[in-house]
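Rule-based calculations on the coordinates, nothing more; no lab input. This one's a predicted model, so the numbers in the text were calculated from it and none came from an experiment. Here the Cβ positions follow ideal geometry from the backbone for every residue, glycine too, while neighbour counts run over all protein chains shown.
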Amino acid sequence: MSTVSNTTEPVDFFTKDKGGRSVARSFGNKVLNVICVGLAFLTLIPLLSIIYLLFHKGLPLLTWSVFTELPPAAGQIGGGFGNAILGTLLMVGIALVIATPFGILSAIYINEYAPASRLSNAVRFVAKLLTGIPSIICGVFAYAVIVLTTGGFSAWAGGFALAILILPTILLTAEQALIGVPKAYREASYGLGGTNFQTIWRIVLPDSLPAMMTGIMLAVARAAGETAPLIFTALFSQFWINSLKEPTASLSVLIYNFSTLPFDHQINMAWTASLVLVLLVTAANISAQVVFRKK
Amino acid sequence: MTPTLPQPRADFLKVQDFNFYYGKKQALFNVNMEIPERQVTAFIGPSGCGKSTLLRNFNRMNELIDGVRHEGQILLNGRSIYDKKIEVIALRRSIGMVFQKSNPFPKSIYENIVYSMRIAGINGKSVLDETVERSLKGAALWDEVKDRLNESALGLSGGQMQRLCIARAIANRPEVLLMDEPCSALDPIATAKVEDLIHTLKKEFTIVIVTHNMQQATRCSDRTAFFYLGKLIEFDDTQKIFSNPSQKQTEDYITGRFG
C-alpha cells in the first residue's frame, strides 16, 4: 500500500505536522513552556525566602525556655513566650469550637436539605462577602459584643473574634467538601430506604471529612496569625493564664509588640516567635492530613 | 408441613392511569399495566421513552427531583404506594433498586451489604453475618469475596461491584427488585453472570428490568413492555412481543427500523 505524499521521504506522523515541521518543538510551544516553568519558579522565590529568613533569624533563640518561660520585660534578656503559645492554642481552640459546628451544620443545610432555597442562597452570598472582611472589624465587633458587656478583656472575647473571622471560610469549604461527594452515593442510600439524616451522617459526612479538614486547617492557619482581632479583645498578658476571663497573651500580639521595641533581644524573640507560629501551624496541618486521609 | 406460598398475583405491581410530569414537561401518558409476581418483566424502548422514569416511580425515587408531579395510581400488592399512611422510607426498604452505574459505598464489602439493616436499627452481629452470607450467595459473589469482606468495595472489578449492588439490594429481602440497565456498563462475561443471577432471583423476587439490549430482554424476561415517547405501546409475553408483535411501532423497534 503506497501513500501519496509530497515529500520523497516517509512522513513521521507522530512528531511532524502537515508541513513537515516538528510539532512539539515549534517555537511558540517552546516559548510557552519556558514562561510557565519560569513563573512557577518565580512564585517559589518569595515563599522560600520567607522560610529561609524565619529559620535564619529565629533558630538561634529557639530553646526549650521559649516554651516554659514568660516574656522578658523591656531591656531584659532571656525569658520565653510559653504563655503566648498557650494563649494562641487556647483562643484558636475556642474559635474552632464555636465556628466549626455552625459552619459544618450550615453547609449541610445549604447543600443537602434545601440547596435552591432563598435562605441557602442568602447564606452563600453573605458568607462569600464575609470572607473578605477586614480582621480588625471582627475585633471591633467582638469588643462591642463581649468586652463591653462583660466589662473586660478576655480569652473568650479573643476566641469569639477569631470565630467570626473563620466561620465563612469553614462554611464555604465544608460546602465544597459536601459537593465533592458523588451523587451516586446519596442515591444508593435513599434507594435503600435511608432518611436524610442517615444518608448525611453515615455516608456523606465521612466521605467529605478529608476535604473538610483542609478547610478547617486553612481557617486555623489564618486564625493563629491574626493580630488585629486580638488587640481589642484579648489584649496581652505578661503572665501565665489563670482563667479564660482575663487578658491573654498570644503569639501574634507578642510578635507585634516585640518587633516594635528598640531592643535587639526582643526583636530576635519576635523572629523566634514567628518561627514557632509557622511550625505550629504546619504541625497542625500535617497531623490533620494524616489523621483524616482517605483510606 | 411446610407452608405453601400463596398463589403469585398477576397484578402485584399495578399501574393505573398514570401520568407523570417533570415540571411542565409530561414524561408518561396514561400508563396502565399489571406486573406479575415472581416473574421478570422487561421495559424496552428507545432513549427518552419513559421506561426509567416509570421504574423510578415504583419506589418514589423521582420525588428526590424538584418540580415533579404525577396523576393516577401505583399499587403494590393492592396498596397504593402514595397512601398518606405509608412512609416513603418504608416503601423504599421493601423495594430494592440496582442502578445503571454501580454505586457501592466507599466502605467495606461487609458494611455495604449490612447498610440497609443498620439503618433499620438491626445491629446484632450474628444477624448481620447471616445476611451478608445469604445476600452474597444470592448474588453469586460469595466465593469470590468471602475472604475479604472487610476490604473496600471500591477495589472490586466492575462486574463484581454490580453484583455487590445486587446483593446489597436484596439484603433486606425486598418484595420487588428494580434494575435500571444493570448490565450496560459491564463486559459480556459479567453480563452473562448477572443474567444467570436474574434467573435464580426470580424464584424469590418480582423483578422489573429496564434494558436497551433486546437480546437481554429475550434471554431474561417473561413479559416485556415496549414504551415509546412516554406511552406504553404494547405489553405481552416476551415470546409474543419478539416473534409476533401486534403493534407496528413495536415491530419497527425490534427489527431496528428506529431507536
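DSSP beta bridges confined to the protein assembly as shown are antiparallel in about 60 percent of cases.
Taken one residue at a time, the phi angles of segment B:197-205 give Karplus couplings (6.51, -1.76, 1.60, θ = phi - 60°) of 4, 4, 4, 6, 5, 5, 5, 10, 10 Hz. Gly and Pro are set to x.
Normalised by the number of residues in segment A:103-233, what is the relative contact order in percent for Cα pairs under 8 Å and 6+ residues apart?
Numbers: 137 pairs, mean separation 49.5, N = 131.
Once divided by the residue count of segment A:103-233, the mean separation gives 38 percent.
Summing charges over all other residues whose Cβ lies under 14 Å from the Cβ of A:Asn285, with Lys and Arg as +1 and Asp and Glu as -1, gives +2. What aspartates and glutamates does B:Lys240 reach when the alpha-carbon gap must be under 15 Å and sequence neighbours fewer than 8 apart in one chain are set aside? B:Lys240 reaches B:Asp222, B:Glu251, B:Asp252. Considering only A:Gln289, A:Ile98, A:Ala74, and ranking their Cα positions along the charge dipole of chain A that arises from unit charges at the beta-carbon of Lys, Arg, Asp and Glu, the one farthest toward the positive end is A:Gln289.
Calculated translational diffusion coefficient of chain A (37 °C, 0.692 mPa s; Stokes-Einstein with Kirkwood radius over alpha-carbon pairs) equals 144 µm²/s.
Going by how many other Cβ atoms sit within 10 Å of their own, how do A:Trp64, A:Trp156 line up, fewest first? Don't skip to the end; give the middle numbers.
Numbers: A:Trp64 9, A:Trp156 24.
Fewest to most other Cβ atoms nearby, the residues stand as A:Trp64, A:Trp156.
Coupling constants for segment B:241-246 follow from the phi torsions by the Karplus curve (6.51 cos²θ - 1.76 cosθ + 1.60, θ = phi - 60°), and in residue order they are 4, 8, 10, 8, x, 8 Hz; glycine and proline get x. Per the Kirkwood formula applied to alpha carbons, segment B:123-259 shows a radius of gyration over Rh ratio, Rg over Rh, of 1.05.
Rank B:Ile254, A:Ile108, A:Leu235 by how far each Cα sits towards the positive end of the charge dipole of the protein assembly as shown (+1 on Lys, Arg Cβ; -1 on Asp, Glu Cβ) and give me just the farthest. Ranked along the dipole, the leading option is B:Ile254.
Relative contact order of chain B: 27 percent, from C-alpha pairs under 8 Å at least 6 residues apart in sequence. Most fluctuating residue of B:Lys101, B:Lys25, B:Lys193 in a GNM of chain B with Cα springs under 10 Å: which is it? Looking only at B:Lys101, B:Lys25, B:Lys193, the biggest GNM fluctuation is shown by B:Lys25.
For the protein assembly as shown, the residue among B:Ile35, A:Leu261, A:Gly191 whose Cα projects farthest onto the positive side of the dipole built from Cβ charges is B:Ile35.
Run through segment A:212-295 and list the chymotrypsin sites (Phe, Trp or Tyr not before Pro) located in a DSSP loop whose Cβ has at most 13 other Cβ atoms within 10 Å.
A:Phe239, A:Trp240
Placing +1 on the Cβ of every Lys and Arg and -1 on the Cβ of every Asp and Glu, with nothing else charged, gives segment A:98-214 a dipole about its Cα centre of roughly 160 debye.
For segment A:174-227, the ratio of Cα radius of gyration to the globular rule of thumb 2.2 N^0.38 Å stands at 1.44. In whole percents, the pair-distance distribution calculated for segment B:200-259 from its alpha-carbon pairs, binned every 10 Å from zero, is 21, 57, 18, 4.
Counting other beta carbons within 10 Å of each Cβ, put B:Met161, A:Met213 in order, fewest first.
Numbers: B:Met161 23, A:Met213 19.
Fewest-to-most Cβ neighbours within 10 Å comes out as A:Met213, B:Met161.
Taken along the Cα-to-beta-carbon direction at a fixed 7 Å, the label points for A:Leu129 and A:Ile51 span 3.9 nm. Over all orientations, segment B:1-144 has a Cα convex hull whose mean projected area works out to 12.0 square nanometres.
Of A:Leu70, A:Leu244, A:Leu279, the residue with the greatest mean-square motion in the GNM of chain A, using alpha carbon springs below 10 Å, is A:Leu279. Here segment A:158-245 is assigned +1 on the Cβ of each Lys and Arg and -1 on the Cβ of each Asp and Glu. Its dipole about the Cα centre then comes out at about 100 debye. Summing charges over neighbours of A:Met91, with a neighbour being any other residue whose Cβ is under 15 Å away from its Cβ, gives 0 when K and R count +1 and D and E count -1.
Kirkwood Rh, Cα Rg: Rg to Rh for the protein assembly as shown?
Values: Rg = 32.8 Å, Rh = 29.0 Å.
Rg divided by Rh gives 1.13.
A crude spin-label estimate for the pair B:Asn32 and A:Ser243, with each label 7 Å from Cα along the Cβ direction, gives 8.1 nm. Neighbour counts of other Cβ atoms within 10 Å put B:Ile189, B:Ile170 in the fewest-to-most order B:Ile189, B:Ile170.
So, with +1 on the Cβ of K and R and -1 on the Cβ of D and E, and no other charges, what is the size of the charge dipole of chain A about its Cα centre, to the nearest 20 debye? If you can, show how the numbers build up before the last one.
Values: 17 positive and 11 negative charges, 155 e Å.
Approximately 740 debye in magnitude.
Binning the alpha carbon pair distances of segment A:241-295 at 5 angstrom intervals from zero yields the distribution 4, 18, 17, 15, 15, 14, 9, 5, 3, 1, 0, expressed in whole percent.
Among residues other than B:Glu130 with Cβ under 14 Å from its Cβ, the summed charge is +3 (Lys and Arg +1, Asp and Glu -1).
For the pair B:Ala90 and B:Arg118 in one chain, pulling the backbone fully straight at 0.36 nm per residue adds 8.7 nm over the alpha carbon distance.
Given a cut-off of 23 Å, what percent of all Cα-Cα pairs of segment A:122-250 lie beyond it?
Numbers: 3896 of 8256 pairs.
The answer is 47 percent, as a whole percent.
Hydrodynamic estimate: the Kirkwood radius of chain B over Cα pairs, inserted into Stokes-Einstein at 37 °C and 0.692 mPa s, corresponds to D of 172 µm²/s.
What fraction of the Cα pairs in segment A:52-155, stated in percent, has a spacing above 16 angstrom? The proportion of pairs with Cα distances above 16 Å equals 76 percent.
Comparing segment B:127-191 with the 2.2 N^0.38 Å rule of thumb, its C-alpha radius of gyration ratio is 1.10 (two decimals).
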